[in-house]
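Okay, structure first, notes after.
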Amino acid sequence: GAVVSQHPSRVICKSGTSVKIECRSLDFQATTMFWYRQFPKQSLMLMATSNEGSKATYEQGVEKDKFLINHASLTLSTLTVTSAHPEDSSFYICSELGPNTEAFFGQGTRLTVV
Amino acid sequence: DAKTTQPTSMDCAEGRAANLPCNHSTISGNEYVYWYRQIHSQGPQYIIHGLKNNETNEMASLIITEDRKSSTLILPHATLRDTAVYYCIVRDIQGAQKLVFGQGTRLTINP
C-alpha cells in the first residue's frame, strides 16, 4: 500500500507556542488528505479534509484558526496547532486516499503541551 | 456519526481463527465496508474492503451478508501481533470519501 510519512512522531511544547506536523506521501500523489485527532482510550476523530491547492474543510466543532492546514503540493500536507494549550495534547494522525480509494495513515504524532 | 456497531472487545486463542462481526444495517447501495486495525500508539492499518462480494487478501477475509446489513472479518490464523483495535467502517467512495471511525473492537490474542 501507499507509504505516508508523518513527522515528528513525538513533540513536547510549551503552552502558547505553535507546533507544525508534516505528512508526506512518499510514493503516491495525494490529492486529498485527512487529519484526525485521538485522545487516550478513544477512537479517531476526523478534524478536517484537505485538498491540494484549496482550503481545507473542517468538521463541526474544529477551530480552523487554531488548527491550520496547508496542502500546497500533492505530496505534503501540514497541520499547525497554534497557541497550543494542554487540552490540545493528543495523538494526531494524517491519512491519504490511495489509488483504489483505501486510505493510508501516517504513524501519528503524539503532542504534549506543558 | 459512525454507521456501524461492533462488540467492544473479543478474545481469541493464538493459532485459531478470529471472527470479528460488524452490523451496518443502514448501509446504502453506494457504500463500501472497510476494515482497519490500530495497534497501540500507531496509525491505523488498512486491512480489506468490499461492496457485496466476499473478499480475501493476504491479511484477512471479509464476508458480507447478502442483504449487506452485516459483515465479518476473519483472521484465519491469529497471532499475538494481531492484538489491536479493529474498526469496521462504512464509506461512500463518491463525494467526500472521508472515513468516520466508531469505537471498534479491541481484539486480544491469547497465547
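Please treat every number below as a calculation from the coordinates, not as lab data. All of these numbers come straight from a predicted model, not from anything done at the bench. Note that each Cβ is placed from the backbone with ideal geometry, even for glycine, and that neighbours are counted across all protein chains shown.
Legend: calculated FRET efficiency, residue A:100 to residue B:10, from the Cβ-Cβ distance at R0 = 30 Å, rounded to 0.05, equals 0.60.
Exposure proxy shown here: for B:91, B:68, B:81, the number of other Cβ atoms within 10 Å sets the order, fewest to most, as B:81, B:68, B:91. Taking label points 7 Å from Cα along the Cα-to-Cβ direction, residue B:17 and residue B:56 give a separation of 1.0 nm.
Distance from the Cα centroid of the range A:11-35 to that of the range A:69-114 is 4 Å (rounded to whole angstrom).
Only Lys, Arg, Asp and Glu carry charge here, each on its Cβ (+1 for the first two, -1 for the last two); on that basis the protein assembly as shown has a dipole of about 440 debye about its Cα centre.
Counting only other chain Cβ atoms within 10 Å of each residue's Cβ, the peptide A:90-100 averages 2.
Our note on the geometry: Cα centres of the range A:38-62 and the range B:1-61, 22 Å apart. Using only Cα coordinates, the Kirkwood hydrodynamic radius of the range B:65-111 works out to 13.0 Å. Counting every other Cβ atom within 10 Å of each residue's Cβ, A:93, B:27, B:109 order from fewest to most as B:109, B:27, A:93.
If R0 is 35 Å, the Cβ-Cβ spacing of residue B:65 and residue A:54 corresponds to a FRET efficiency of close to 0.35. Computed over the alpha carbons of the protein assembly as shown, Rg followed by Dmax gives 17.6, 54 Å. Looking at chain A, which longest stretch skips every one of the trypsin sites (Lys or Arg not before Pro) that is in a DSSP loop with at most 16 other Cβ atoms within 10 Å, leaving the sites themselves out? Result for the longest clean stretch: A:67-114.
For the range A:1-20, backbone nitrogen atoms closer than 11 Å to the point 7 Å from residue A:114 Cα along Cα-to-C-beta are found at A:12-15.
Within the protein assembly as shown, A:13, B:12 have no other Cys Cβ under 4.7 Å of their Cβ and so lack a disulfide-compatible partner by this rule.
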